[in-house]
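Novice: One structure, pasted below without further comment.
The values are calculated or read from the model by the stated rules, or taken from the named source; none is laboratory data. No experiment lies behind these values; they were computed from the predicted model shown. Neighbour counts are summed over all protein chains in view; Cβ atoms, including those assigned to glycine, are modelled from backbone coordinates with ideal geometry. What goes into the accessible areas is simple: the full protein's heavy atoms, side chains included, and nothing from ligands, DNA or RNA. Shrake-Rupley method; radii C 1.70, N 1.55, O 1.52, S 1.80 Å.
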Amino acid sequence: MDNTARATLIFEARELLADMENALLELETQGGSSELINAAFRAAHTIKGSAGLFELELITSFTQILENVLERCRSGQLKVDPDFVSLLLQCCDYLAALVDAIERQTEHDDPNPELRAQLLERLGILAPQSRGLTTLARGKSPESTAAAGHWHLSLRFDPQAMQKGLDPLALVEHLRELGTIIYLQTRTDLIPPADQLDPERCYLAFELGLSTSVAGATLERAFELSRDYCEVRMLPPQSRVADYIQVIQGMPDSRRRVGELLVASGALTQEQLQDALDSQAAASREPPPRLGEVLVREQLVAAPVIAAALKKQQSCDERRVVDQRLVKVDAQKLDQLIDLVGELVIASEGARVTVGRARVPEMMEAMSRLGQIVEYVRDRALDMRMVPIGEVFQRFPRVVRDVAKELGKDIQLQISGAETELDKSMVDKLADPLLHIVRNAIDHGIEPVSERVAAGKRAQGRLRLHAFHESACIVIEIADDGRGLRREKILAKAIERGLVAADAELTDAQVHELLFMPGFSTAEVVTNLSGRGVGMDVVKRSVEELRGEIEIATRPGQGTRLRIRLPLTLAIIDGFQVAVEDTVYVIPLESVVECVAMSGASDDSHNLFSLRGEPLPYIRLREIFDAAPFDGARESLVVVSHGEQRVGLVVDRLIGDTQAVIKPLGSIFRGTRAVSSSTILGDGSVALILDVPTLVGRAAGAVSAGASARA
Amino acid sequence: MAMTAMFNCLEPRNGVLTLYGELTLRHAKQVHECLFGALQRTKALEVDLLNVTHLDGAGLQLLVVLHREALASGKSLRWLGFSLPVQEALELLQLSELLGTPGAVLWS
């Protein structure tokens, strides 16, 4: 299998497994709804189908058994209970392991033979005898296929059939009562276009395989009443037929003619095909008979084999139709495009600067039009990388179920805003931190049932995952209705660990910050879930690496809410350029509130500026970057905000808006906390992008430190 | 008295069609008119089959043609839901794969 096919197969299989898992989890909470069982069944069936195309025997045979069990469940023969769901979830996990094996290109080695044997045994008890197609799909045992032999029936209805009271569906249903329908192909190609269609005439036809214990004569009698309006052809059981069908079903999808499919499967030789085509061409009637008809009439190929070939062809057509709309693109190509768009943005900024200097109105006008288009291109390109956060959220129902079960807690998970989009590269990096937070909430946040009941709360705990957009950010909330954070406990632990002084007076926010310090854990019992050394400090670091931040709100006894705020994209931002001496810095535009001239209204000893009568803490960039003291006439103040807080950044000059393509910092700057990344300016020089959250924290901290020093 | 067999369709806004009652031979002409009328009026058709109480060969072949023509004419078609009788009929004739699942947008 080539790599594209492999990637597609893995991608689709994982999506389907996720669907199946969701359906199973819902089944557990909502009871045996037939729609959910159907959803699980469909997922298993589709996985089997795709695996069949690549002859992934380990997957096809396993999903077949799984399908049998789901089929029995669907028909009400099996009861859905938590054990049943657990078993099926384990099957999902095993299938996922098989899919992982495809990724490692070791798809023909069973990753876990013991688990497989164990699962198959348990599934086998639930669905004892496998029927019909099972033998086909498992293949390699033509004798059993022959033993299970079936009739092939071709049904053609008279156009008047329905008006005469013969409903094709009812006839098929009647056949189902006589035995098991192994395959059924509804011919829809005989139905004319809507404008030529008489809705009261019947255009349906079926090719079907029926496995039955009744004798041929009995079967024939079943058609006695319908014989006048339905032409029936019956072919007795044949063993080779099944082999050909199996081969055709296993062929890779590509547009091929029925004849080619038949030759490829071995059901027909090339000469036979040529003869049949000749005789088709020589037929005197108009329109000429279909190839299938000729082949059946000349007894070259059994009708069910042709039916299988037709079905194959039909499904290829369907797939092509879907593929045309959705283009699958290698993520790397997309990244290359985004890089190029970045270069385009930089170049166009450069052109803008040069044109600006030339001061030719026509050129400036053309440049501004061009700039606008570049901006659109940038937005569209970034948009292509946006994916719904649901991709991350969808793994949580399973996680919550498993963790809650392990800890003996009862927890209901609510997910909202799953359609909220963010950059693909961030989605991948968010998965682990979120997982950790969720586990933490279940483990430490939500109390055991007994404790909840004692506190007069609902026995079932609630955990909520919610995402939404806010200005240029995505906000993700993880909220539980557990016991809340206990200030004293956190503080005591922090003192014990030597993280703070025993007599430190901390605000609530500062106490919450302690949770994110390395080596902090308040769990009395270190469970194997969240007390594993990976602390919230790692979570915080991961979020910060994405230029995001975490905020905690809590109410004792009522719950805790963690809020993660992230920029929508990591690639390109709108920025505001300022300068200190000849060095240019870029401030992310979304955090700039206003710019004012730095007049005498400042209190240099406390670093406070009076902005319309309100005190505003400020910080001098030149101090941060160790430049010489200012000797010019006038400085400017850029007011920036972060969350609720506002501070001023004092700079020499204001330059203006720019688009900044974010480049990672070289290792020299890693230690500089005031800088988040770098960018390339229009003239080709490098500028640093300021890390506003850190600067705001520093300025505000300096003021409060000054205040406490005075007190 | 047995309830009168009925069929009805509602198209509250362009592109959303809800079918009620029997999709059967008895109402085939009306169903035909209503399905293809709605398809003509929109580029993206959504059909709600949750309230269909009965589906026979006549109704079924109309759904197949609707699906085929929507795709052939470059329009999108989405089933908003299948009632149990619809699901059963599609499964019986193994047409679920061809017609797609409720909720999925089928494009041409």
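Novice: Please give the contour-minus-distance gain from residue A:634 to residue A:410: 0.36 nm per residue of separation, less the Cα-Cα distance, rounded to one decimal in nm.
Specialist: Separation in residues times 0.36 nm, less the Cα-Cα distance, equals 74.3 nm.
Novice: Can you tell me the 0 to 90 degree angle between the C-alpha axis of helix B:28-41 and the longest principal axis of chain B, rounded to 10?
Specialist: The helix B:28-41 is inclined about 20 degrees to chain B.
Novice: Put simply, what bits of region A:181-217 lose 40 Å² or more of accessible area when the other protein chains are there, versus the chain on its own (1.4 Å probe)?
Specialist: A:184, A:186, A:188, A:191, A:194, A:197, A:199, A:200, A:204
Novice: Then there's this: If you take the beta carbon distance between residue A:495 and residue A:462 as r and set R0 to 30 Å, what does 1/(1 + (r/R0)^6) give as a FRET efficiency, to the nearest 0.05?
Specialist: For R0 = 30 Å, the calculated efficiency reads 0.40.
Novice: Over region A:3-131, with every protein chain in place, what whole percent of the accessible area is carbon and sulfur at 1.4 Å, could you tell me?
Specialist: Carbon plus sulfur share of accessible area: 50 percent.
Novice: While we're on this one: By how many nm would the segment from residue A:626 to residue A:582 grow when fully extended, if each residue of separation counts as 0.36 nm and the alpha-carbon distance is taken off?
Specialist: 14.5 nm
Novice: Here's another thing I want to ask about it. Using the heavy atoms of the protein chains alone and a 1.4 angstrom probe, what is the accessible area of region A:1-87 per residue in square angstrom?
Specialist: Averaged over the residues of region A:1-87, the accessible area is 42 Å².
Novice: Report the accessible surface area buried between chains B and A, summing both sides, using a 1.4 Å probe on protein heavy atoms only, in Å² rounded to the nearest 100.
Specialist: Adding both sides of the contact gives about 2800 Å².
Novice: Return the distance in nm (one decimal) between the two label points of a simple spin-label model at residue A:558 and residue A:293, each offset 7 Å from Cα along Cα→Cβ.
Specialist: In this crude spin-label approximation the distance works out to 7.7 nm.
Novice: Using 0.36 nm per residue of separation minus the Cα-Cα distance, give me the extension gain between residue A:487 and residue A:122 in nm, one decimal.
Specialist: Extra length from residue A:487 to residue A:122 when fully extended: 126.5 nm.
Novice: Here is a further query. Just to verify a number: FRET efficiency for residue A:551 and residue A:227, C-beta to C-beta distance, R0 = 60 Å, to 0.05?
Specialist: Given R0 = 60 Å and the Cβ-Cβ separation, E is 0.20.
Novice: Please compute, for peptide B:86-95, the average count of beta-carbon atoms on other protein chains lying within 10 Å of each residue's beta-carbon.
Specialist: 5
Novice: Could you report chain B's accessible area per residue, 1.4 Å probe, as an integer in Å²?
Specialist: Solvent-accessible surface per residue comes out at 45 Å².
Novice: What fraction of the DSSP beta bridges in chain B is antiparallel, stated in percent and rounded to the nearest 5?
Specialist: Among the beta bridges of chain B, antiparallel pairing accounts for roughly 35 percent.
Novice: Angle between the Cα long axis of helix B:57-72 and the longest principal axis of chain B, 0 to 90 degrees, nearest 10?
Specialist: 10
Novice: Got a sec? Which residues of region A:41-67 lose 40 Å² or more of accessible surface with every protein chain in place, vs. that chain alone, 1.4 Å probe?
Specialist: Going by heavy-atom accessible area, the residues of region A:41-67 that drop by at least 40 Å² are A:42.
Novice: Still on this structure: Can you compute the FRET efficiency between residue A:453 and residue A:15 using 1/(1 + (r/R0)^6), with r the Cβ-Cβ distance and R0 = 30 Å? Round to the nearest 0.05.
Specialist: 0.15
Novice: Give the long-range amide H neighbours of residue A:230: residues separated by 5 or more places, or on another chain, with amide H under 5 Å away, using H modelled in the peptide plane at 1.01 Å from N.
Specialist: For residue A:230, whose amide H was placed from the backbone, the distant partners under 5 Å are A:158.
Novice: Sort A:84-90, A:158-164, A:363-369, B:62-68 for me by packing, meaning the mean count of neighbouring Cβ atoms within 10 Å per residue, highest on top.
Specialist: B:62-68, A:84-90, A:158-164, A:363-369
Novice: Continuing with the same structure: Assign one of three labels to region B:1-105, namely rounded, prolate or oblate, based on the Cα gyration tensor with a ≥ b ≥ c the square roots of its eigenvalues; rounded applies when a/c is under 1.5, prolate when it is not and a/b is larger than b/c, and oblate otherwise.
Specialist: oblate
Novice: Sticking with this one: Once a ≥ b ≥ c are taken as the square roots of the eigenvalues of the Cα gyration tensor of region A:388-567, is the result rounded (a/c under 1.5), prolate (a/b larger than b/c) or oblate (a/b not larger than b/c)?
Specialist: In terms of gyration-tensor shape, oblate.
Novice: Using a 7 Å offset from the Cα along the Cα-to-Cβ direction at both residue B:6 and residue A:504, what is the distance between the two label points in nm, to one decimal?
Specialist: Result for the modelled spin labels: 7.3 nm.
Novice: Note down the magnitude of the dipole of chain B about its Cα centre, charges +1 on Lys and Arg C-beta and -1 on Asp and Glu C-beta and zero elsewhere, to the nearest 20 debye.
Specialist: 400
Novice: A further question follows. Would you please put A:651-657, A:19-25 in order of how densely packed they are, using the mean number of other Cβ atoms within 10 angstrom per residue and starting with the highest?
Specialist: A:19-25, A:651-657
Novice: Among A:328/A:663; A:164/B:43; A:409/A:493; A:48/A:79, which pairs are too far apart, with a Cα-Cα distance over 29 Å?
Specialist: Over 29 Å apart, Cα to Cα: A:164/B:43.
Novice: Shifting gears a bit: If a/c stays under 1.5 just call it rounded; otherwise compare a/b with b/c (prolate if a/b is bigger, oblate if not). Do that for region A:445-492, with a ≥ b ≥ c from the square roots of the Cα gyration tensor eigenvalues.
Specialist: Cα axes put region A:445-492 in the oblate bin.
Novice: Can you order the peptides A:7-18, A:39-50, A:59-70, A:427-438 by their average number of other Cβ atoms within 10 Å per residue, highest first?
Specialist: Result, highest mean first: A:59-70, A:39-50, A:427-438, A:7-18.
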